[in-house]
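First up is the structure itself, then whatever we jot down about it.
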There are 2 protein chains.
Amino acid sequence: MDMKITVLKGDGIGPEIVDEAIKVLKVVCECENINLTLDEQPIGGVAIDKTGDPLPQETIDSCKSSDAVLLGAVGGPKWDALPTDKRPEKGLLRIRSELGLFANLRPARIFPELCSNSPLKDSIVQSGVDLLVVRELTGGIYFGKKGSEQINGEQSSYDEMRYSEHEIERIARAAFDAAAKRHRKVTCVDKANVLETSQLFRSVVARIGAKEYPDIELSNLYVDNASMQLVNNPGQFDVIVTGNLFGDILSDEAAMLTGSIGMLPSASLGGSGFGLYEPIHGSAPDIAGKGIANPLATILSVAMMLKHTFQMTMHAKVIEAAVEESLSVLRTPDLMPAEEEPAHSLGGYITEVFGTRT
Amino acid sequence: MDMKITVLKGDGIGPEIVDEAIKVLKVVCECENINLTLDEQPIGGVAIDKTGDPLPQETIDSCKSSDAVLLGAVGGPKWDALPTDKRPEKGLLRIRSELGLFANLRPARIFPELCSNSPLKDSIVQSGVDLLVVRELTGGIYFGKKGSEQINGEQSSYDEMRYSEHEIERIARAAFDAAAKRHRKVTCVDKANVLETSQLFRSVVARIGAKEYPDIELSNLYVDNASMQLVNNPGQFDVIVTGNLFGDILSDEAAMLTGSIGMLPSASLGGSGFGLYEPIHGSAPDIAGKGIANPLATILSVAMMLKHTFQMTMHAKVIEAAVEESLSVLRTPDLMPAEEEPAHSLGGYITEVFGTRT
Ligand SMILES: [Mg+2]
Ligand SMILES: [Mg+2]
């Protein structure tokens, strides 16, 4: 088997966290005799410094000819003075649209070892929180017709939320596919009691579920209720599927429930298994180069890559288990009580654990 | 001074909780020599039983000629078989639109005595949570143009979010007015980095603030960040002002943070001080008539009425303090450790405390 990955280390702590994650990817490939090709390309600030463009054409081309993309983080104070459309972050927005990534997968998991970081009471989180928000990423109100006009002598502004069947079908399949690799439960979150788009969303998700995934449990929840249930009983959820706006709000709420942003990976999927994988945290320029950045979210992004692009679900689970185990052995300062020493090579630790498990 | 209140007790526990709240209102009026007129009218299931209509015209007329409306709760299994537009809940929806109530005020307060009910850790809530979500109630995407059409052989549905200047001006004033009676801080929540309506919302709130309320602090937050901040540090908020959809989600999230839905009042304001005041909980038909229903949310709704319709902020504060005090003396079963006895006359207790304070 061949595996071609474009590696976009980016800025700040990007290079060091991606390096740790690649150690893990390499050991998996060695174990399985996979022929791994890594193509490192610039994005963000480093790309601006090199080429004047936060997303050079060569980077796009490399991504398009790869099976998947692993990204670190972009941005830093060095490029803050640039105009908005020349900033490193623009590279990130453009790569997502260039690659047609329509499904954003945002897991929120509270590891038992990190219960104390959660803002929620132990009684709520200790029975386990492990949910995945699948957010539609290229449609809905963020991309609808919008404008502003004078009506009766005053300004009136509008944004259109719109969804078509094919957009909902593909995000529904992304959610059901993910649930098939997890606990086989999907909750469709919408506001179908008020919105037309939500009624269509709900009915298409139900149709795809009934026809193509009859063995996956499907339930519905209104978005206001979902925002309550996430706080009150997050352990009830497996996969949440929802539109762009609701997914934006709920995925961030769910992330905060973990209290450990440095632990959270993400995937943005396009068609036929292609995906871009990255931690949800930023480039943290203040701690870059000190060897104390937490690489676990990037390592977990590699696990997501194995699961969603390469269908290597068992390998992903071994990595996740090794990450969990590492928490009681080594921790970077962001996760550590003040008296402990920083630990530098989590990637090495994970690869060792991985070696003993396979 | 005259005070004319329409009383809509409704169904289930509605009558008993409103009765307790009226005891409190009466003692305030006695203290202040206010000439109180109460006009009791049917709404919901009782109105259906009496007249066939969940909102008889006589009830509407009474509300329109009153200074304010105090409402209990509506609905119950007896009327569940009726068609949607004949159900008790329809009376509630219709009264809100008949009265032109455009501002929904939803406080979320965690009383120190009830910290243990919150899903949040004590370390987060013990420094005090006392916020107010001011939600625009008659505009935005819930009331915009909506529909469904066939495009390229597939169904496409849309909902338009729209806001005009005058709608934002009046909700902004409602929020700043409320903040003036609280901690003088308003946070405008929107998605101005993406939505046109949010850009208008943000700029109009800023204009009203700068021109009419220069001594009230105003800040901005994106809605996805707000949903995180509510969980992570709810104590930072005083008043949140936002549109209909975002307010729906955030007010429910904030309510759940308290863990004590039975303690939460609400106000829906129209022009010139008119308002409808009601607990956010339902009619709880299963415990109706047992004398164990918690009247505190309704009593706190009376406090909101005094504050927002009658500008009697000090009297409202005395009631709020008495409610807080009652929590360490008497509790209804919903707030009580199992071993204690139910307490039946919280309204009486609050009136007594009120008597000793004024
Ligand atoms: Mg977001
Ligand atoms: Mg709601």
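What pairs come up if the first residue lies in region B:296-307 and is on the phi > 0 side of the Ramachandran plot, the second is assigned to a helix (DSSP H, G or I), and their beta carbons are under 7 Å apart, counting only those six or more places apart or on different chains?
Note: no pairs meet the criteria.
Of everything in region B:210-223 that's away from chain A (no Cβ under 14 Å) and in contact with a strand residue (DSSP E or B) (Cβ under 9 Å, 6 or more places away or on another chain), which residue is farthest from ligand 2 (Cβ to nearest atom)?
If we take residues in region B:210-223 being away from chain A (no Cβ under 14 Å) and in contact with a strand residue (DSSP E or B) (Cβ under 9 Å, 6 or more places away or on another chain), then B:Ala210 is farthest from ligand 2 (Cβ to nearest atom).
This table checks each residue for (1) farther than 26 Å from B:Ile299 by Cβ; (2) surrounded by 20 or more Cβ atoms within 10 Å (Cβ to Cβ); (3) at the interface with chain A (Cβ under 9 Å from one of its Cβ atoms).
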{"position": "B:Leu137", "(1), (2), (3)": "no, yes, no"}
{"position": "B:Ile141", "(1), (2), (3)": "yes, yes, yes"}
{"position": "B:Asn152", "(1), (2), (3)": "yes, no, yes"}
{"position": "B:Asp159", "(1), (2), (3)": "yes, yes, yes"}
{"position": "B:Thr187", "(1), (2), (3)": "yes, yes, no"}
{"position": "B:Ala192", "(1), (2), (3)": "yes, no, no"}
{"position": "B:Asn225", "(1), (2), (3)": "yes, no, yes"}
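With assigned by TED's automatic domain parsing to the domain that holds A:His315 and under 19 Å from A:Ser283 (Cβ atoms) as the only criterion, which of A:Leu25, A:Leu71 stands out?
Criteria check complete, one pass: A:Leu71.
Can you name the residue in region A:30-41 that is modelled with pLDDT under 95 and not in a loop (DSSP other than H, G, I, E, B) and, of all such residues, is surrounded by the fewest Cβ atoms within 10 Å (Cβ to Cβ)?
A:Glu30
Is there a residue being within 23 Å of A:Phe310 (Cα to Cα), modelled with pLDDT of 95 or more, surrounded by 15 or more Cβ atoms within 10 Å (Cβ to Cβ) and not hydrophobic (A, V, I, L, M, F, W, C) anywhere in region A:42-52?
No: region A:42-52 contains no residue that is within 23 Å of A:Phe310 (Cα to Cα), modelled with pLDDT of 95 or more, surrounded by 15 or more Cβ atoms within 10 Å (Cβ to Cβ) and not hydrophobic (A, V, I, L, M, F, W, C).
Within region B:160-175, how many residues are small (Gly, Ala, Ser) and free of Cβ contacts under 8 Å to residues at least 40 places away in the same chain?
1
Every residue, every condition in (1) farther than 27 Å from A:Phe176 by Cβ; (2) surrounded by fewer than 23 Cβ atoms within 10 Å (Cβ to Cβ); (3) within 14 Å of chain B (Cβ to nearest Cβ), yes or no:
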| residue | (1), (2), (3) |
| --- | --- |
| A:Gly75 | yes, no, no |
| A:Leu99 | no, yes, no |
| A:Phe102 | no, yes, no |
| A:Ala108 | no, no, yes |
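Name the residue, out of B:Ser118, B:Ser157, B:Ser127, B:Ser123, that is free of Cβ contacts under 8 Å to residues at least 12 places away in the same chain and closer than 30 Å to A:Gly235 by Cβ.
Being free of Cβ contacts under 8 Å to residues at least 12 places away in the same chain and closer than 30 Å to A:Gly235 by Cβ holds for just one of B:Ser118, B:Ser157, B:Ser127, B:Ser123, which is B:Ser123.
Among the residues of region A:200-209, is there at least one that is farther than 24 Å from B:Asn193 by Cα and either within 16 Å of ligand 2 (Cβ to nearest atom) or modelled with pLDDT under 95 (or both)?
No, there is no match, as no residue in region A:200-209 is farther than 24 Å from B:Asn193 by Cα and either within 16 Å of ligand 2 (Cβ to nearest atom) or modelled with pLDDT under 95 (or both).
Specify which of the listed residues (A:Ile171, A:Ile124) is out of contact with any helix residue (DSSP H, G or I) (no Cβ under 6 Å at 6 or more places or on another chain), more than 14 Å from chain B (Cβ to nearest Cβ) and in a helix (DSSP H, G or I).
Sole residue among the options that is out of contact with any helix residue (DSSP H, G or I) (no Cβ under 6 Å at 6 or more places or on another chain), more than 14 Å from chain B (Cβ to nearest Cβ) and in a helix (DSSP H, G or I): A:Ile171.
Filter region B:238-273 down to the residues that are touching a helix residue (DSSP H, G or I) at 6+ places or on another chain (Cβ under 9 Å) and more than 27 Å from A:Asp190 (Cα to Cα), then identify the one that is farthest from the other protein chains (Cβ to nearest Cβ).
B:Gly273
Looking at the structure I just gave you, is B:Gly259 touching a residue at least 12 places away in the same chain (Cβ under 8 Å), more than 16 Å from ligand 2 (Cβ to nearest atom), closer than 16 Å to B:Ala175 by Cα and of a type outside the set (Ser, Thr, Tyr)?
Taking the combined requirement at face value, the residue does not satisfy it.
Here are some residues: B:Ala303, B:Ala297, B:Ala255, B:Ala288. Which one is over 30 Å from B:Thr356 (Cβ atoms) and either modelled with pLDDT of 95 or more or assigned by TED's automatic domain parsing to the domain that holds B:Gly235 (or both)?
B:Ala255 is the lone residue from the list that is over 30 Å from B:Thr356 (Cβ atoms) and either modelled with pLDDT of 95 or more or assigned by TED's automatic domain parsing to the domain that holds B:Gly235 (or both).
Would you say B:Gln150 is in contact with a Leu (Cβ under 8 Å, 6 or more places away or on another chain) and either outside any helix (DSSP H, G or I) or in the same structural domain as B:Met304 (by TED's automatic domain parsing) (or both)?
no
Looking at region A:208-256, which of its residues are of a type outside the set (Gly, Ala, Ser) and within 14 Å of ligand 1 (Cβ to nearest atom)?
Matches in region A:208-256: A:Thr242, A:Asn244, A:Leu245, A:Phe246, A:Asp248, A:Ile249, A:Leu250, A:Asp252, A:Glu253, A:Met256.
The values are calculated or read from the model by the stated rules, or taken from the named source; none is laboratory data. Computed from a predicted structure; not experimentally measured. Please note: Cβ atoms are built from the backbone with ideal geometry, for glycine as well, and neighbour counts cover all protein chains shown.
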